[in-house]
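The values are calculated or read from the model by the stated rules, or taken from the named source; none is laboratory data. No experiment lies behind these values; they were computed from the predicted model shown. With ideal geometry, Cβ positions are generated from the backbone for all residues, glycine too; neighbour counts draw on all protein chains shown. The accessibility values were calculated without ligands, DNA or RNA, using every heavy atom of the protein model including side chains. Shrake-Rupley method; radii C 1.70, N 1.55, O 1.52, S 1.80 Å.
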Amino acid sequence: MWIDKVKRLGLLSDTHGWIDKKYAEYFGVCDEIWHAGDIGSTETADYLAGIKPFRAVYGNIDDYTIRQMYPKTAHFKVEDVTVMMTHIGGYPGRYDPSVRLELYRTKPTLFVAGHSHILKVMFDKNLQCLHINPGAAGISGMQTVRTLIRFTIDKSEIKDLEVIELGGGL
């Protein structure tokens with residue numbers, strides 16, 4: 001686990017290879033960008049990494065190249081917040097069996113997962129953990145609105161969460 005002093009974060013998931021110039025517009029004010037899987041292409045990863053420092057996990061549609069670049073699950077610390085990020089994670093009370101044991105063993109302050117294409121921010125009282133699924137930022141899938149999230153980590157506090165709607169598909 002590594003420790004960073006990043007404060008303003010941009011979070012997205014499920015781009016499925018889609019690059020939207022609005023990513024740069026909204027994440028340009030961030031210190032770092034996180035991607036919760038289903039990146040879809042090295043071009044998308046490179047584009048996001050060209051905006052700000054980039055941290056990601058691979059998702060179920062990502063190919064061998066992406067899987068070599070990014071882990072399935074990432075554990076890290078930003079200020080006093082411990083983070084677990086993966087693609088398929090489920091939600092409080094309905095965590096995916098593939099991550100449930102690790103989640104309860106590590107007890108992060110913030111659990112980030114994508115996959116469902118449904119934006120959700122929920123607090124898990126049992127784990128004392130905030131769960132964030134940023135929805136889907138790409139055009140593949142059943143979502144009617146593409147979404148991004150920005151938030152701030154200040155010492156042990158996760159605050160100033162903003163949901164950014166990018167509109168639907170093309």
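Annotations
- The mean accessible area for residues of the range 42-170, using a 1.4 Å probe and ignoring ligands and nucleic acids, is 48 Å² per residue.
- Around the Cα centre of the range 24-99, unit charges on the Cβ atoms of Lys, Arg, Asp and Glu (plus for the first two, minus for the last two) sum to a dipole of about 280 debye.
- Karplus-derived 3J(HN,Hα), 6.51/-1.76/1.60, for each residue of the range 68-80, Hz, glycine and proline x: 7, 7, 10, x, 6, 9, 10, 10, 7, 10, 10, 6, 9
- Rg to Rh quotient for the range 82-159, alpha carbon positions, Kirkwood Rh: 0.97
- Restricting attention to the range 26-170, the count of lysine pairs at 8 or more positions apart or across chains with alpha carbons under 26 Å apart stands at 21.
- The chain, relative contact order in percent, only Cα pairs under 8 angstrom and at least six apart counted: 23 percent
- Beta bridge orientation in the chain: antiparallel %, DSSP, nearest 5: 60 percent
- Near-label residues of the range 75-106 by backbone N, under 13 Å of a point 7 Å along Cα→Cβ of LYS125: 93
- As a fraction of the 1.4 Å probe accessible area of the chain, surface on carbon and sulfur atoms comes out at 52 percent.
- Considering only LEU101, LEU11, LEU130, the Gaussian network model of the chain with Cα springs below 10 Å gives its largest mean-square fluctuation to LEU101.
- Each pair of Cα atoms in the chain enters the Kirkwood radius, and Stokes-Einstein at 20 °C and 1.002 mPa s then converts it into a translational diffusion coefficient of 137 µm²/s.
- Gyration tensor (Cα) of the range 62-120, equivalent ellipsoid semi-axes in angstrom: 19, 16, 11
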